[in-house]
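Participant: To start, I am sharing the structure in question, which I have written as structure tokens.
What follows draws every value from the coordinates through simple rules; no lab data is involved. A quick note: this is a predicted structure, and the numbers were derived from the prediction, not measured. Don't worry about glycine lacking a Cβ; one is built from the backbone with ideal geometry, like all the others, and counts go over all protein chains shown.
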């Protein structure tokens, strides 16, 4: 996913650009992208979308555009990329990794280019930066003053980058290329004197003096004609240099800008002399190695393999890894982290993800940047063979640096001091592989400002970040295309291309983990007659997958065992129990239920597991495991009770969510007799919070119900499914039927008639909404009979209401109305005001459909008179007011009907009840063509579509 401002405002995905719609929606997105991860007030957005006085419904229009953007982002799986458009008070925030924004990457590349000492490296980075531009900035957005100012600022930065690119070309002696770059921009911006002056100098140095003089006179005339001014000092100086023939056909002295002619022009980004943060000559010390070795290490990433080092250069690196593929982003990130003074780069990632291969590959590509030597030590932090002592590592380094064995101090402190003194005058690369902790690394850090240290670890080593400003370079699993390429590197392209489906399935089962892919490829290479499809079929068996991904002493299980062995006992206890989770994500409450601990302890354990790359934080407060890690955890000893504990946690949390989502309604079931209460469950402040939880946890609750069913825990199975009923009501067409059929079988197996009737009523209603009314009636006719037999009057009333909807759909309004009357009577006897009011509401709807206007009005008024809990009455009141208003209009009392419908719509809007707003305004629009009503209706529809 990529967000673009450098050209047309757009969002690019793997399947194409998102259909952003009108210019003002693009403008709103642009305003958020110009301030990523920061609140943008509605007032500021209003100024961005309208030049003068905004319309009265400006806030509603903005809300509609925000809702539509959320729908578009959700459809593109933006959350997978860390993108989220959230409301924060009266502001909106577009949370996102800024690396997804082309303008951010442009500024970052320009900053890096400015720091390059070698002009060839700077040229490469400026070219890459400028290639991100696809037209004038913020094209397609509404040209409001704030956006015009932002576009102008971006354009100024682009033009300055073009001038600096030309300066880099000039320092290479490529003056004609500098002139070509500058001429295109000077023609497009003829009044920009800095461009004209730079072009004149480039032409002069290219031996094209007459063209340089012509360009001056052309620019002078334009300035006089258009602005009535004479050339400024910069342009006049360039003219004087051309007249004198200065630099005609000659290169420039080191340290000056051959385009601007100044020694240290601030806007060009070129320093006149090196600083201690830049490799190269230092005061009092000549540069080491051959010419050009003092340039920044950043450059080699874009240049490919470096030149061979002098034969006497220290080199302890392992051999170049074979079959290395992809990782372009990580290689670039590592090069950026390696820039500056004495950087410490921290490459972290899970076991088997290829950290060592990445670092060694990068080191070989950049070897010429380190004429002082390349040191490497395997710290064996996750090995069966034990860790080397500091003195052992330092002794190996000192011997490599030419220290005679008898001169190496016997103490670790002495050896460390000698090592740092030798490193102080060298340009070294030090690779410290497989570090267990920060303390293992600190004594091995070199002292030289021109040294680069790269540390790899399965842990995040936050202590090293805090104490030594280590720069993290996270490494994750490979993307599918790179994973397939890795298979091809081992097996040969022909074999992989012959089975594209089998290769993609194999990649999926290995989860993009390079170690798993290499082991799978090794097995296939050893058996050339074995197809990729056959290997995938074998790996699909979860009970055998980890065994198949081990060969000799190498494999996924061995790597994970070494990581888990390093965990504290309480953290390892939580990790083992995560393997018993039937879902794919956990929060602190779920983890605590699994392990039989409390949420605070569980969260601390999850934090440690995240640092060890055994779990991944997928969202705030949510964690997940890689599929292979989950399989490994499942094989650990966790005791028999973990599944029941987590199922009961799910049951209790679903009950709490239902209570918050539908306040005033009775609990839909009692807890099991053998219920195991968790230490704590999540609390829900309101309906929105509960519905967000349902949306996030639906898949995991479905998996939990399946696990309960497979374990024969029938009482937990149907409870988990019934606990989802508020989301079923909200998203009725989301394919709930198979899940409800599982719940029905479980309720029958549990011999719970009350549960059976309630599941039947819910299943019948869902089938009715899906248009499968004939099937629905079979279930709905049985539901009230079973409920009556179980003595469940509330359940019987609900079943009769749902049956009435199916009967109405089949063309039997009289039967439907009779069922609602009976349901209201049952609910009244049971003291269930909520269900009584619901029955009367549906009775009024059936009467409206039958054009029985007076009866519908009387019924709606009677329903409004039914006492109901205050926090449950808003939605019901809106719907009943709407029904009464429609009845009045049907009776010919249009003015009173419109007044009631307007009251219903206003009340719904104030409470955020979008479905009620749509119903009330829809009824009003049937008798009115008011533009304002249509705008309100459309806004509510957009919000409703975004939520449903």
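Participant: Would you please classify the overall shape of the range 480-558 from the alpha carbon gyration tensor, given that a ≥ b ≥ c denote the square roots of the eigenvalues, rounded means a/c under 1.5, and beyond that prolate means a/b larger than b/c while oblate covers the rest?
Facilitator: The shape class here is rounded.
Participant: Further question: Taking R0 as 30 Å, what FRET efficiency do you get between residue 79 and residue 149 from their Cβ-Cβ distance, rounded to the nearest 0.05?
Facilitator: Calculated value: 0.40.
Participant: Shifting gears a bit: Output needed for the range 567-639: three equivalent-ellipsoid semi-axes, defined as square roots of 5 times the C-alpha gyration tensor eigenvalues, in descending order, whole Å.
Facilitator: Over the Cα atoms of the range 567-639, the semi-axes work out to 15, 14, 12 Å.
Participant: Once a ≥ b ≥ c are taken as the square roots of the eigenvalues of the Cα gyration tensor of the range 771-861, is the result rounded (a/c under 1.5), prolate (a/b larger than b/c) or oblate (a/b not larger than b/c)?
Facilitator: oblate
Participant: Sorting 144, 911 on the 10 Å Cβ count, fewest up front, what's the list?
Facilitator: On the way: 144 19, 911 14.
Sorted ascending by nearby Cβ count, the order is 911, 144.
Participant: Assuming 0.36 nm per residue, please report the length gained on full extension of the stretch residue 711 to residue 600 beyond their Cα-Cα distance. Show your work: numbers first, answer last.
Facilitator: Numbers: separation 111, 0.36 × 111 = 39.96 nm, distance 2.95 nm.
Working it through step by step, the gained length comes to 37.0 nm.
Participant: Test of understanding: what is the full-extension gain from residue 893 to residue 610, defined as 0.36 nm times their sequence separation minus their Cα-Cα distance?
Facilitator: Net length gain for the segment: 95.3 nm.
Participant: Using only alpha carbon pairs under 8 Å that are at least six residues apart, calculate the relative contact order of the chain and give it in whole percent.
Facilitator: Over the chain, the number comes to 6 percent.
Participant: Diagonalise the Cα gyration tensor of the chain and give the resulting equivalent ellipsoid semi-axes, square root of 5 times each eigenvalue, largest first, whole Å.
Facilitator: 63, 42, 21
Participant: Continuing with the same structure: Between the range 430-507 and the range 770-845, what's the alpha-carbon centroid distance in Å?
Facilitator: So the two Cα centres are separated by 62 Å.
Participant: Ratio of the range 297-474's C-alpha Rg to 2.2 N^0.38 Å, to two decimals?
Facilitator: Rg over 2.2 N^0.38 Å, computed on Cα atoms: 0.97.
Participant: Taking R0 as 45 Å, what FRET efficiency do you get between residue 619 and residue 243 from their Cβ-Cβ distance, rounded to the nearest 0.05?
Facilitator: 0.10
Participant: If r is the Cβ-Cβ distance from residue 569 to residue 501 and R0 is 56 Å, what FRET efficiency results, to the nearest 0.05?
Facilitator: Result of the calculation: an efficiency of 0.80.
Participant: Return the distance in nm (one decimal) between the two label points of a simple spin-label model at residue 818 and residue 210, each offset 7 Å from Cα along Cα→Cβ.
Facilitator: Output for this residue pair reads 10.7 nm.
Participant: Taking other Cβ within 10 Å of each residue's Cβ, how do 567, 724 sort, fewest first?
Facilitator: Taking fewest neighbouring Cβ atoms as first place, the list is 567, 724.
Participant: Note down the nm distance, to one decimal, between modelled labels 7 Å out along Cα→Cβ at residue 53 and at residue 17.
Facilitator: It is 3.6 nm.
Participant: For the range 214-228 and the range 348-376, what is the centre-to-centre distance using only Cα atoms, to the nearest Å?
Facilitator: Between the Cα centre of the range 214-228 and that of the range 348-376, the gap is 55 Å.
Participant: Another question, then. What percent does the relative contact order of the range 297-474 come to when contacts are Cα pairs within less than 8 Å and at least six residues apart?
Facilitator: 32 percent
Participant: Treat the range 370-447 as a sphere of radius equal to its Kirkwood radius over Cα pairs and apply Stokes-Einstein at 20 °C in a medium of 1.002 mPa s; give the translational diffusion coefficient in µm²/s, rounded to a whole number.
Facilitator: 168 µm²/s
Participant: Now, a different point. Provide the convex hull volume over Cα atoms per residue for the range 700-756, in Å³.
Facilitator: Output value, Cα hull per residue: 69 Å³.
Participant: May I ask for the Kirkwood hydrodynamic radius of the range 869-948, worked out over all distinct Cα pairs and given in angstroms to one decimal?
Facilitator: Result for the range 869-948 stands at 12.4 Å.
Participant: On to the next question. Tally the DSSP beta bridges in the chain and give the antiparallel ones as a percent, rounded to 5.
Facilitator: Of those bridges, close to 50 percent are antiparallel.
Participant: Neighbour counts of other C-beta atoms within 10 Å: give me 91, 536, 131 arranged from fewest to most.
Facilitator: In order of increasing Cβ crowding within 10 Å: 131, 91, 536.
Participant: Can you give me the orientation-averaged projected area of the convex hull built on the Cα atoms of the range 1-98, in nm²?
Facilitator: Result: a mean projected hull area of 6.0 nm².
Participant: Between the helical axis of 119-130 and the dominant principal axis of the chain, each derived from Cα atoms, what acute angle in degrees is found, rounded to the nearest 10?
Facilitator: The angle comes out near 20 degrees.
Participant: Rg over Rh of the range 628-689, using C-alpha atoms and the Kirkwood radius, what does it come to?
Facilitator: 1.10
Participant: Measuring from centroid to centroid over Cα atoms, what is the spacing of the range 597-672 and the range 65-110 in Å?
Facilitator: Spelled out, the Cα-based centre of one part sits 28 Å from the other.
Participant: Here is a follow-up. Compute the distance in nm between two label points, each set 7 Å from the Cα along the Cα-to-Cβ direction, one at residue 95 and one at residue 157.
Facilitator: Rounded to a tenth, the inter-label distance reads 2.4 nm.
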